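Quick notes on the structure that follows.
The values are calculated or read from the model by the stated rules, or taken from the named source; none is laboratory data. None of the values given here were measured: they were computed from a predicted structure. Positions of Cβ are backbone-derived with ideal geometry, glycine not excepted, and every protein chain shown enters the neighbour counts.
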Amino acid sequence: MKKTFLFLSIAVLVIKVHAQTPAQEINELLKQYTKQSSFNGVVLVAQKGEILLEQGYGYKNATTKLLNDSNTVLQLEIYF
């Protein structure tokens, strides 16, 4: 019984150490979409007035390989 408890305690600690914040999870997801050419743009994620993620993904100009950044101006689409 003690061994099982110890194992579960260690497992929970390992999971918590490797857990990502929601912003990190979104960032990783968008990086994968960008690699698959499924997303190209700029993202701003905020919660309760605090900016969690502000990042550009993909190319501003694919011909010159100029990357999007957080200052890239694009058409805005809002999803709730």
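For the reader, a short list of remarks on this structure follows.
- Neighbours by Cβ (under 8 Å, 6+ apart or cross-chain): first from the range 55-80, without any contact (Cβ under 8 Å) to a residue 40 or more places away in the chain; second basic (K, R): Y57/K31; Y59/K65; L66/K60; L67/K60; N68/K60; D69/K60; T72/K60
- Candidates T64, T34 - the one that is surrounded by 13 or more Cβ atoms within 10 Å (Cβ to Cβ), at pLDDT 90 or above and polar (S, T, N, Q): T34
- Counted residues, the range 29-80 - those being part of a loop (DSSP other than H, G, I, E, B), among the hydroxyl-bearing types (S, T, Y) and in contact with a strand residue (DSSP E or B) (Cβ under 9 Å, 6 or more places away or on another chain): 2
- Some residue of the range 53-60 being more than 18 Å from the chain's Cα centre (by Cα) and at pLDDT 90 or above: yes
- Answer residue from the range 70-80, given it is under 17 Å from Y33 (Cβ atoms) and surrounded by 10 or more Cβ atoms within 10 Å (Cβ to Cβ) and is modelled with the highest pLDDT among those: T72
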